[in-house]
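To start, the structure itself, in structure tokens.
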Amino acid sequence: MLQTPESGGLPVPQAEGEKDGGHDGETRAPTASQERPKEELGAGREEGAVEPALTRKGARALAAKALARRRAFRRLNRTVAELVQFLLVKDKKKSPITRSEMVKYVIGDLKILFPDIIARAAEHLRYVFGFELKQFDRKHHTYILINKLKPLEEEEEEDLGGDGPRLGLLMMILGLIYMRGNSAREAQVWEMLRRLGVQPSKYHFLFGYPKRLIMEDFVQQRYLSYRRVPHTNPPEYEFSWGPRSNLEISKMKVLGFVAKLHKKEPQHWPVQYREALADEADRARAKARAEASMRARASARAGIHLW
Amino acid sequence: MQGSTRRMGVMTDVHRRFLQLLMTHGVLEEWDVKRLQRHCYKVHDRNATVDKLEDFINNINSVLESLYIEIKRGVTEDDGRPIYALVNLATTSISKMATDFAENELDLFRKALELIIDSETGFASSTNILNLVDQLKGKKMRKKEAEQVLQKYVQNKWLIEKEGEFTLHGRAILEMEQYIRETYPDAVKICNICHSLLIQGQSCETCGIRMHLPCVAKYFQSNAEPRCPHCNDYWPHEIPKVFDPEKERESGVLKSNKKALRSRQH
């Protein structure tokens, strides 16, 4: 059953002791080792003496070996855990992960155990997170994660993905800004929200604290820009689309949202509609450029042409 | 997962979806967590009763244990709002960030972190952070670039910015408390009440002990004469209110009730 001599028996089922956090070198060894000796003896390396009539020296040696094996086992489990985390974080960036990256950043000198480590990591990813680790390219050892959970309906997607209701609130504000010619006074924004029953500083069951959400979260995350209007006394402030909104949300989408609210067609507002069309064209061009360069990079890495 | 004698929880698609969402968001407030939990049930197991959140999370955590991660609950330092994040139990520090950020960017974070920990208020000014740009490891970074990197940290919820000053986001504290305590054992401040890491808080002007704002709120709740728990001197700061989501809750539907309440107060 043992695959490699000194790195500890791999397929041996996890002992209770292993789960209690990774504190190396603690004196768990003596007590916990009582459960293990029979199995380890049975593995055929020791003399196979069933009766515990060992010398003091022999017992110490046995305990030391057991401790070493436990340490190696813990180290292996740790490495599997780190690989799982590594894969999850890497996958967020949507680029395939190579075997050499995994060895470089996580596996290190346990490289010889790569097949076992990756198999365990894959099992964790499947059981715990619902991802399948798929070998994307057999020749060059690149992997990706595929979501095995059932795909979401559009409505479910909105509820669960991108912050559901908060996105709705953001859309309302972006819509207001857009329809007013790309900027709106702060007072107008609060007025609109008040009409919807949203008070700035009162806790809201869908938005939390709206004032904080808008002034801090949305502004900090660059969805909205907040500027002082020059030559106003007392000072007034205005909102406009932040750079992140320009990147992530299209004008057409916001116009569509506003149109639906008013039960009209987007074309009802010709100025904004034209602006939105121009924005769509820009986005399509930028997307085509980005896809082309990503494909070029991927095939350069793989060395072959991908479909 | 072979049978182990310790009872481990069971993962279903409800739990998996929940975990995926928590990972996507990085950190979530409690009311949002509850909302998402309900939606996960709705999507994957419509007819089941929704588990109490605490049990739901404990169940998932028992499965996550062997991966050295857990869903951890904390509170924001400024007003005690409960938050949840998926954190690393092993002390491999800034590991979660390491794949998203370059070496010099990580070092910028480290520099900002040190300034924040050393500061009296828990905030480090943008100017002071940017002045350290020449000392960064890795590729040379200009101040303009550093400003963008700091914004990236804000967007990813590792830092909070208030009026040109930076402090740690609740998520960073949850994730990195252990790392911070081990790396800066002499500089870290600890709350006298909960004994956790303290970045922002109030301090006693006589004996210097510190407390988190939510800890102050809870400790001095309905106490007309707040006194320092350590030296008994009068506590000179304003006592914040205890966070209570139920108290301030309002939805559009309840507007009519609100009118009735107002009239009763007079």
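The values are calculated or read from the model by the stated rules, or taken from the named source; none is laboratory data. Keep in mind that what you see is a predicted model, and the values were worked out from it rather than measured. In this analysis, Cβ positions are derived from the backbone assuming ideal geometry, glycine residues included, and neighbour counts consider all displayed protein chains.
Here are the numbers:
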quantity: Check on A:Val198, within 14 Å of chain B (Cβ to nearest Cβ), over 29 Å from the mean Cα position of the chain (by Cα) and within 29 Å of A:Val271 (Cβ to Cβ); calculated: yes
quantity: Residue under evaluation B:Gly201, criteria (1) out of contact with any strand residue (DSSP E or B) (no Cβ under 8 Å at 6 or more places or on another chain); (2) not assigned by the TED database to the domain that holds B:Glu103, criterion not met; calculated: (1)
quantity: Of all residues making up the stretch A:121-152, the number that are at pLDDT below 90, outside any strand (DSSP E or B) and of a type outside the set (Lys, Arg); calculated: 5
quantity: Verdict on A:Thr98 being under 29 Å from A:Ser293 (Cα atoms) and within 14 Å of chain B (Cβ to nearest Cβ); calculated: yes
quantity: Filtered residues of the stretch A:153-198 (kept if surrounded by fewer than 19 Cβ atoms within 10 Å (Cβ to Cβ), at pLDDT 85 or above and not in a helix (DSSP H, G or I)); calculated: A:Arg180, A:Gly181, A:Asn182, A:Ser183, A:Arg185
quantity: Some residue of the stretch A:271-288 being within 30 Å of A:His141 (Cα to Cα) and either part of a helix (DSSP H, G or I) or under 31 Å from the mean Cα position of the chain (by Cα) (or both); calculated: yes
quantity: Single match in B:Glu246, B:Glu250, B:Glu205 (criterion: more than 14 Å from every other protein chain (Cβ to nearest Cβ) and at pLDDT below 95); calculated: B:Glu205
quantity: Residue ID - farthest from B:Leu198 (Cα to Cα), chosen from residues in the stretch B:153-180 that are within 11 Å of chain A (Cβ to nearest Cβ) and touching a Lys or Arg at 6+ places or on another chain (Cβ under 6 Å); calculated: B:Lys157
quantity: In the stretch B:24-56, the residues that are hydrophobic (A, V, I, L, M, F, W, C) and surrounded by 17 or more Cβ atoms within 10 Å (Cβ to Cβ); calculated: B:Val27, B:Leu28, B:Trp31, B:Val33, B:Leu36, B:Cys40, B:Val43, B:Phe56
quantity: Residue, surrounded by the most Cβ atoms within 10 Å (Cβ to Cβ), within the stretch A:242-253, restricted to residues that are under 27 Å from the mean Cα position of the chain (by Cα) and outside any loop (DSSP other than H, G, I, E, B); calculated: A:Ser245
quantity: Conditions (1) away from chain A (no Cβ under 11 Å); (2) touching a residue at least 60 places away in the same chain (Cβ under 8 Å); (3) charged (D, E, K, R); number of the one not met by B:Glu145; calculated: (2)
quantity: Conditions (1) within 14 Å of A:Ile173 (Cα to Cα); (2) not in a helix (DSSP H, G or I); number of the one not met by A:Arg227; calculated: (1)
